[in-house]
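Take a look at the structure below.
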Amino acid sequence: MPIEVKAAPGTRPDPAGLFPDLVFTENGVAGPDGSRAWLEPGPAGAWGLSHSQGGRTVRLASALDPAAEDRRLVDGLDLSGGEGVLCFGLGLGYHLEELHRRLKPTAPLWVLESRPALAAAALRARDLGPLFQRPGFRLLVGPFKSGLPSGLRPPARVLWRPATRRHFAAEYPPITAPANRRRPKRRLLLFQSGYYLERELARAAQTLGLETAVWRLAPSLTGRDENFRELLETIKNFRPDLALTVNHLGFDAEGLLDNLFTRLGLPVASWFVDSPIFILGPKPPSPLVSAFTWDRDYLDFLKSRGFSRVRHLPLAADEELFRPAPAAPKRPVAFVGDSMTAATEKYLNKLAVPGPARSAFLTAIDDEAEAFLTDRALLPASEPLARLAEARGLTGDLLTDLQALVTWRASRKWRLNVLREQKPGLLHAAGDPGWRELLGLPPDRLTGALDYYQGLAGYYRASAVNLNITSAQMKTGLNQRVFDVPAAGAFLLTDRRDQLFDLFEDGREVVTYQSPEEAARLAAWYAGRPAAREKIARAARARVLGSHLYRHRLAKLLAALD
């Protein structure tokens, strides 16, 4: 049964007397069920409140500025009618003090706290005695397995502490309340490093009506770094509800950011749009960091790396950047992408493969690349690569670099297979200089590297058939071109990937191939049929605008963390 906490005038409740089953230490309280609540000092002298049980730790009150955060919480509650308020979660009581100031003196103010250890820690840390002198103030501490005691009629207006709702909602009695929450704008802290997707997310946040602030990443991060101090200052002044980064950018090998977000109780979303296998270091993430992946195949890997929440979040398009414009097709068939020539050279140098041995070494690597193309595994097999390194006299921890090289070479091989099969005189290519030698195209059918924000949309629009050739590490997933080409109003011919058909209707919104020969046949057929291309491109663009914009993805991300 829940107990009601009371205090005589001029006194404060005595948690040790109220909860004799609890064990009190200097800054913590332990329960007989193995739970523990404790206080932790923050950088500005405030206290944070955390709870752990069964290896799971959650933050109930940030140590940064909990009073300001609770004031913002109350700001979202409509108090114009003068009714009382029922609060779920005691926290450190700052929201109760704010409600005490704002409510009419006669309005009831109730608070329910399901965890005795949390209530004891809060009552021990702060003098909430004045609240108990307010007429109509009641603090009930659970458990609430049987609901509230009979005869009690709590106030109709409800205020949930977000952390309480997120972690302990099932422990509270069901109480129906009117829609009384005037939700304040969410505050989103965006990490920016110059990666292509960050501008699109900033525009999506603006479209959704979020307040945003930006932390611009420096090339390196240490605890003494000015950039790190800027982050602390931004968090202190902006008070974000959530931080968002792409590809885990900003997170350091030492775990400074993970520790910071855990200490402050600030949730973070990391959206992986490239293979997390080559991104993540060995250190486990903070329990407050949630992982989102563009490719569903990486869900299990991210779970195995310790992320507490993992979700699939495909790529999308920016309707401002990629939109239709009048353009007569100049190119029958076109491909935009990298030849992987520079990537190959980079890894050969990194692996210190001597010049005379490179040809034979690449032949062996390409054999593994061929096997990787037909395998459903997310990484090339490690055993053959270990044997290859030993046979070639390569020393050190080289497995990750060898797997990356095999992945690049597999992608290169698949691209070359498709492009070399195209009908004579149709193919154009845009990208790095490697295509000149590999494809033997004349200069008038070669274009240099295109700027994503300047020339790419126009190139798509001026190509009758835009070929998409997915990289080898995406076994069933989708790349950016699947969304950008239709958004630009252009026609896409893409290799078949299972996840494609969760998002587009096969044959009506997307045309696919499964082999180089099929790609060549379909490309030539659609290159000469503008009406068929336009019909499919129009349907695909309608689908992108209705379901696959960055604002759709950001809204889904926020809903997953709500």
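Sort through Arg296, Arg305 and tell me the only one that's closer than 22 Å to Leu197 by Cβ and in contact with a strand residue (DSSP E or B) (Cβ under 7 Å, 6 or more places away or on another chain).
On the way: Arg305 fails: in contact with a strand residue (DSSP E or B) (Cβ under 7 Å, 6 or more places away or on another chain).
Exactly one residue qualifies, and that residue is Arg296.
Being in a loop (DSSP other than H, G, I, E, B), under 25 Å from Pro105 (Cβ atoms) and touching a residue at least 60 places away in the same chain (Cβ under 8 Å) is the filter here; which residues of region 136-160 pass it? Listed by number, the residues that qualify are Leu148, Pro154, Pro155, Ala156.
Just to be sure I understand, how many residues within region 46-102 are at positive phi and free of Cβ contacts under 8 Å to residues at least 40 places away in the same chain?
Going residue by residue through region 46-102, those that are at positive phi are 54-55, 82, 89, 91, 93.
Remaining after also requiring free of Cβ contacts under 8 Å to residues at least 40 places away in the same chain: 54-55, 82, 93.
Qualifying residue count for the region: 4.
Among the residues of region 464-507, which ones are in a loop (DSSP other than H, G, I, E, B), out of contact with any Asp or Glu (no Cβ under 8 Å at 6 or more places or on another chain) and more than 23 Å from His552 (Cα to Cα)? Before the answer, list the steps.
Within region 464-507, the first condition is being in a loop (DSSP other than H, G, I, E, B), and the residues that meet it are 469-480, 488-491, 496-497, 503-505, 507.
Add one more test, that the residue is out of contact with any Asp or Glu (no Cβ under 8 Å at 6 or more places or on another chain), and what stays is 471-473, 479-480, 488-490, 496-497, 503-505, 507.
Matches in region 464-507: Ser471, Ala472, Gln473, Arg496, Gly507.
Evaluated against (1) modelled with pLDDT of 95 or more; (2) closer than 19 Å to Ala519 by Cβ; (3) out of contact with any strand residue (DSSP E or B) (no Cβ under 8 Å at 6 or more places or on another chain); (4) not basic (Lys, Arg), Gly440 falls short on exactly one condition, (1). Residue count for region 17-45, restricted to those that are without any contact (Cβ under 8 Å) to a residue 12 or more places away in the chain and in contact with a Phe, Trp or Tyr (Cβ under 6 Å, 6 or more places away or on another chain): 0.
Checked across region 418-426, the condition of being under 25 Å from Leu348 (Cβ atoms), in a helix (DSSP H, G or I), among the β-branched types (Val, Ile, Thr) and touching a helix residue (DSSP H, G or I) at 6+ places or on another chain (Cβ under 8 Å) holds for at least one residue.
Annotation note: Cβ proximity below 8 Å between a residue of region 103-119 that is outside the structural domain of Leu90 (by TED's automatic domain parsing) and a residue that is part of a strand (DSSP E or B) (sequence gap 6+ or interchain) occurs for no pair.
Taking the criterion of being touching a Phe, Trp or Tyr at 6+ places or on another chain (Cβ under 8 Å), farther than 30 Å from Trp160 by Cβ and not in a loop (DSSP other than H, G, I, E, B), the residues of region 524-562 that qualify are Tyr526, Ala532, Arg533, Glu534, Ile536, Ala537, Ala540, Arg543, Val544. Of the numbered conditions (1) surrounded by fewer than 18 Cβ atoms within 10 Å (Cβ to Cβ); (2) among the charged types (D, E, K, R); (3) over 29 Å from the mean Cα position of the chain (by Cα), Arg533 fails exactly one; give the number of that condition. With (1) surrounded by fewer than 18 Cβ atoms within 10 Å (Cβ to Cβ); (2) among the charged types (D, E, K, R); (3) over 29 Å from the mean Cα position of the chain (by Cα) applied to Arg533, the lone miss is (1).
Taken over region 514-562, the residue count meeting the criterion of being touching a strand residue (DSSP E or B) at 6+ places or on another chain (Cβ under 6 Å) and without any contact (Cβ under 8 Å) to a residue 24 or more places away in the chain is 0.
Only a single item in (1) crowded, with 16+ Cβ neighbours inside 10 Å; (2) over 33 Å from the mean Cα position of the chain (by Cα) is not met by Arg387, and it is number (1).
Given the residues Pro326, Pro380, which is the only one that is free of Cβ contacts under 8 Å to residues at least 40 places away in the same chain, in a loop (DSSP other than H, G, I, E, B) and within 30 Å of His428 (Cβ to Cβ)? Walk me through it before giving the result.
Working: Pro380 fails: within 30 Å of His428 (Cβ to Cβ).
Being free of Cβ contacts under 8 Å to residues at least 40 places away in the same chain, in a loop (DSSP other than H, G, I, E, B) and within 30 Å of His428 (Cβ to Cβ) holds for just one of Pro326, Pro380, which is Pro326.
Looking across region 323-336, just one residue is within 29 Å of the chain's Cα centre (by Cα) and crowded, with 22+ Cβ neighbours inside 10 Å, and that is Val336. Of all the numbered requirements in (1) closer than 21 Å to Pro282 by Cβ; (2) of a type in the set (A, V, I, L, M); (3) at pLDDT below 90, Leu379 misses one, and that requirement is (3). Looking at region 214-226, is at least one residue at pLDDT 85 or above, closer than 27 Å to Asp258 by Cβ, under 19 Å from the mean Cα position of the chain (by Cα) and in a loop (DSSP other than H, G, I, E, B)? Checking region 214-226: at least one residue is at pLDDT 85 or above, closer than 27 Å to Asp258 by Cβ, under 19 Å from the mean Cα position of the chain (by Cα) and in a loop (DSSP other than H, G, I, E, B). For region 186-213, a residue qualifies if it is assigned to a loop (DSSP other than H, G, I, E, B), at pLDDT 90 or above and either within 25 Å of Leu60 (Cβ to Cβ) or in contact with a His (Cβ under 7 Å, 6 or more places away or on another chain) (or both), and exactly one does: Leu210.
This table checks each residue for (1) among the small types (Gly, Ala, Ser); (2) part of a loop (DSSP other than H, G, I, E, B); (3) assigned by TED's automatic domain parsing to the domain that holds Ile365; (4) at positive phi.
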{"site": "Arg387", "(1), (2), (3), (4)": "no, no, yes, no"}
{"site": "Glu390", "(1), (2), (3), (4)": "no, no, yes, no"}
{"site": "Ala404", "(1), (2), (3), (4)": "yes, no, yes, no"}
{"site": "Trp408", "(1), (2), (3), (4)": "no, no, yes, no"}
{"site": "Leu416", "(1), (2), (3), (4)": "no, no, yes, no"}
{"site": "His428", "(1), (2), (3), (4)": "no, no, yes, no"}
{"site": "Asp432", "(1), (2), (3), (4)": "no, yes, yes, no"}
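Take Ser62 and decide whether it is crowded, with 16+ Cβ neighbours inside 10 Å and modelled with pLDDT of 80 or more.
On the way: crowded, with 16+ Cβ neighbours inside 10 Å: yes; modelled with pLDDT of 80 or more: no.
In short, no.
Checking each residue in region 335-374 for being at pLDDT 90 or above and not in a helix (DSSP H, G or I) picks out Phe335, Val336, Gly337, Asp338, Ser339, Met340.
Would you please name the residue that is surrounded by the fewest Cβ atoms within 10 Å (Cβ to Cβ), looking only at residues in region 169-185 that are within 29 Å of the chain's Cα centre (by Cα) and modelled with pLDDT under 85?
Arg183
The helices (runs of 4 or more DSSP H) located wholly in region 1-120 that include 1 or more residues which are under 29 Å from the mean Cα position of the chain (by Cα) and basic (Lys, Arg) occupy 66-75. All conditions but one from (1) within 27 Å of Ala559 (Cα to Cα); (2) touching a Phe, Trp or Tyr at 6+ places or on another chain (Cβ under 9 Å) apply to Asn227; the one that does not is (1).
The values are calculated or read from the model by the stated rules, or taken from the named source; none is laboratory data. These numbers come from a predicted model, not from an experiment. Positions of Cβ are generated from backbone atoms using ideal geometry, with glycine treated the same way; all protein chains shown enter the neighbour counts.
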